[in-house]
Amino acid sequence: MSASPTSPQNSPAEAEASCRLPLLVFFGGAAFWLVAASLLGHLASIKLHSPSFLSHCEHLTYGRLYPAAMNALLYGFASSAAFGVALWLVARLGRVAVPQPWLVAFAGKLWNLGVLAGVAGIIAGDSTGFEWLEMPRYAAVPLFFSSLFIALWTLLAFHRRAERGLAVSQWYLVAALLWFPWIYSTATMLLVCHPVRGVMQAIVGWWFTNNLQTLWLTPMALAAIFHFLPTLAERPLHSRYLALFGFWMLALFGGWAGIPASAPVPAWIVSVSNAAAVMLFIPALAVGLNIVNTLRGGPKIVGCAGGPFCFLRFAVMSYVVAAVAGAVVAASAPGAVAQFTWLKTALTHLNLYGFVAMALFGAIYEILPRVTGADFCRKFMRAHFWLAIIGTVIHVGALAIGGLKQGALLGDAAVPFHNVIKTSLHFFRVATIGELLILVGNLLFALNVVGLFVKCARKCCGAQMSCCAAEPATTGGAK
Amino acid sequence: MNFGPLIFLGVFFTMACSWFGMIVVPQLQIGGQQPVKLEATGQMYPLPRAGLAQQGAAVYRANGCAACHSQQVRQGPPVFDVKLNDLGTNAAQVADIARKINHAAGAPLPGKNIWRTPVKKDADAAAKRLTDAGAKAAVVIVPTGADIERGWGARVSVAQDYLYDQPLMLGSRRIGPDLANIGARKPGADWQLWHLYNPRLITDGSFMPAYRFLFNEVPRRKDAPPALGALDKTLVAKTFPEPAGETVTDIVPTAEAVALVAYLASLNPDAPLFEAPAPVPPPPAAPATNTPAAVKP
């Protein structure tokens, strides 16, 4: 891009301050939806333990609560937080002020309203019936247009960046911002607006759920990891080439995975997809190696005191574990055992909670104080970290072991189905304890975000509105 | 170091590949799939669902039944039975060959399976030896696998089965049993309705929630005639707690419940297809799963 548009050279503080308003919308919404998702998910879990719980209420069946919780988590929390992180990274790394930030904030509000309409629609019974795309059309259309606007606006800011060199984070976030509208529009068009026939729906659905994780949330989380971990450790990235290799491996194989081993579709689709899913451990290992080598051997040993650094480091570990386990499960024999069991759920949750959410938490804990000038409560942050990792380990571990057992018993026709479920429900009860810890941690996170907003608002009203109006005067105070 | 355009092109290209390979090509291959004519009966397969069953599918979708129930039968590698249809004129020689094929076969009788083997070539060779001796023998493909042994289907589920499903709700977890052929397994509407009203009336300790909101509970005097469409209580007489006193409660399914049950009854993909052969007639459902405690299905 030699004919680069000349843009005013912004100071880093100015650039960061420009995205304050949108970030308040994105991260505030994310905190709200995170708590909503946890509560809905917890209600759903209780319903599995005691089937008569709330069973008189038409709107609270398990089949409505669980999708509502997943949609709130995927779109309300993870995507919203990812938009915010992307916007901030673009401004910060490119040293560019976001033009007309109120427009992005407005689009962010529209996104949140879309999620609200979608979750309410699912609970009201308007679900489309497609996994992770349950939101009805009246929610999907605003979601698409607001995401398209946010993505384009962020890319526009990226295009106008003053710092022309590209950091590793920028590859990931530019890619993800291009991929998300593509996969979301394709899936919405082919499933909700002009539905395809028969198993083509399942193929489009699997393609979408896989890509939403692999080509949207994963690159966004990696963008945060590749920026913050080396910065916080005050070490240069170990190898740019290894990062480049990992990036292209993810781009190359990421879009092909996701079809279950014994899907009722032409066999070549399953084979191609499983081969790609196995290959996905390569980008994960590349990221893991790069980060380990970046953090190791430096003059300064980075301690972990429950701060953003710990969240991001745990995210990298989860990513590698989830990718390697995913590669094993994608092979055909283990895949047949894992299909239809809690093991698949365990891996999805490890990826969403342990990896994506943890990376986003770390990023939010680091970004918000920088743009608002107010500080998070460290105690809450530390408590959130320990609750989140212990909760994730218990939740995912119990579901994974329970799923393996469930798969083994399902494969033995001599075991009555009732006993299969009884066995796996024991593990599910343990998993719920983990989920409860995660829920408490998430509440602390939301309280922390609200507390920061309050501190920030107090500052504005006390002083001359310096904090919430987009003035660069008091920024950069956090670091 | 400005790789901007290169990254943009690469990112565009990789997604275009995935989109082309996983969406466009499959759509070209199976997007235009049509119903086929069954060899055995000459009927078209599959047939579109009746209107009531389609309404039931909407109830199934709205309540998210697919969150717990899959609709897909999986199958292991098939085995091959060498079946003797007719002894022919030279019974002694046929018996001799049958014994050579399988020592444990015993006396060959018409309609008996002589041998079971996982290798199709061997089965064909054995059938040929019997045929050469004047008998009539055939090779029967028998689907195997835990799903089939549980009675969840006569054969593996294939793309053809789902042609008219809109939306397609395959499900991704088996928190409850697979429902691919629930229409064949539990044909009685009354069983389904009682099970929806309260699964624990039918199956002790069932983990399925009760869907009472799909029913109206209508109180009446004991000597008055039952409400129109009320469920027959003789099916659950042992487990249904009837209140003492002058009034009893009639359980009347709503239109939604009736539609949902019609949808469940329509789930029965047992037709033998070229890509998914099944023994004809399909084997009777094994009672291994959800054995009713109080009622016979």
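Stretched out straight at 0.36 nm per residue, the stretch from residue A:317 to residue A:408 would grow longer than its current Cα-Cα span by 30.0 nm. With K and R counted +1 and D and E -1, the other residues having a Cβ less than 14 Å from that of residue A:448 yield a net charge of +2. Go ahead and collect, in residue order, the members of segment B:1-22 whose backbone nitrogen is under 19 Å from a label point 7 Å along the Cα-Cβ direction of residue A:164. It comes to B:1-9, nothing else. What the Cβ-Cβ distance of residue A:447 and residue B:52 gives, at R0 = 56 Å and to the nearest 0.05, is a FRET efficiency of 0.65.
Taking R0 as 22 Å, what FRET efficiency do you get between residue A:324 and residue B:9 from their Cβ-Cβ distance, rounded to the nearest 0.05?
Working from the Cβ atoms, E equals 0.10.
Between residue B:121 and residue B:189, the contour length at 0.36 nm per residue exceeds the alpha carbon distance by 20.0 nm. Taking other Cβ atoms within 10 Å as a rough exposure proxy, B:140, A:440, A:287 sort from fewest to most as A:440, B:140, A:287.
Look at where the Cα atoms of segment B:106-153 and of segment A:66-99 average out, and the two centres are 60 Å apart. Excluding same-chain neighbours fewer than eight residues apart, the lysines reachable from residue B:100 by a Cα-Cα span under 23 Å are B:83, B:112, B:120, B:121, B:128, B:136.
Once R0 is set to 22 Å, what does the formula 1/(1 + (r/R0)^6) return for the Cβ-Cβ distance between residue A:267 and residue B:24, expressed as a FRET efficiency to the nearest 0.05? The pair residue A:267/residue B:24 has a calculated efficiency of 0.75.
Net length available on complete extension from residue A:240 to residue A:332 is 29.7 nm, with 0.36 nm assigned per residue and the Cα-Cα distance removed. Between A:445, A:332, A:192, the Cα set farthest toward the positive side of the dipole of chain A (charges on each charged residue's Cβ, about the Cα centre) is that of A:445. Since only B:50, B:228, B:195 are under comparison, the one whose Cα sits farthest along the positive direction of the charge dipole of chain B, derived from C-beta charges on Lys, Arg, Asp and Glu, is B:195.
A simple charge model with +1 on the Cβ of Lys and Arg, -1 on the Cβ of Asp and Glu and nothing else charged puts the dipole of the protein assembly as shown at about 1360 debye relative to its Cα centre. With a 10 Å cut-off around each Cβ of A:410-420, the average count of Cβ atoms from other chains is 6. Taking Cβ atoms as reference points and 13 Å as the exclusive limit, the residues near residue A:41 contribute a net charge of +1, counting Lys and Arg as +1 and Asp and Glu as -1. Going 7 Å from the Cα of residue B:246 along its beta-carbon direction, which residues of segment B:200-223 have the amide nitrogen within less than 17 Å of the resulting point? Under 17 Å, as judged by backbone N against the label point of residue B:246, lie B:219-223 of segment B:200-223.
Extending 7 Å from the Cα toward the beta-carbon at both residue A:430 and residue B:217 defines two label points whose distance is 3.8 nm.
Select from B:54, B:192, B:166 the residue whose mean-square fluctuation is largest in a Gaussian network model of chain B (Cα-Cα springs shorter than 10 Å). Between B:54, B:192, B:166, it is B:166 that shows the largest mean-square fluctuation. Our Cα-only numbers for segment A:70-199 put the radius of gyration and Dmax at 15.8, 50 Å. Counted by neighbouring Cβ atoms within 10 Å, the residues B:44, A:279, A:135 run from fewest to most as B:44, A:279, A:135.
Cβ crowding within 10 Å ranks B:186, B:100 as B:100, B:186, fewest other Cβ atoms first.
In straight-distance terms, cross-link reach from residue A:405 covers every one of the lysines whose alpha-carbon lies under 23 Å from its own, apart from those fewer than eight places away in the same chain; here that gives A:47, A:344, A:422. Classify chain B: rounded, prolate or oblate, from the alpha-carbon gyration tensor (a ≥ b ≥ c, eigenvalue square roots; a/c under 1.5 rounded; otherwise prolate if a/b is larger than b/c)? Oblate, since a/c reaches 1.5 and b/c is not below a/b. When GluC sites (Glu not before Pro) are flagged only if DSSP places them in a loop and at most 14 other Cβ atoms lie within 10 Å, the longest unflagged stretch of chain B comes out as B:40-245. Here residue B:233 is the anchor, and the lysines within straight C-alpha reach of less than 26 Å, apart from those fewer than 8 places off in the same chain, are B:186, B:222, B:296.
Throughout, read-outs are computed from the coordinates displayed, never taken from laboratory work. Note that this is a predicted model, so its numbers are computed, not measured. Neighbour counts are summed over all protein chains in view; Cβ atoms, including those assigned to glycine, are modelled from backbone coordinates with ideal geometry.
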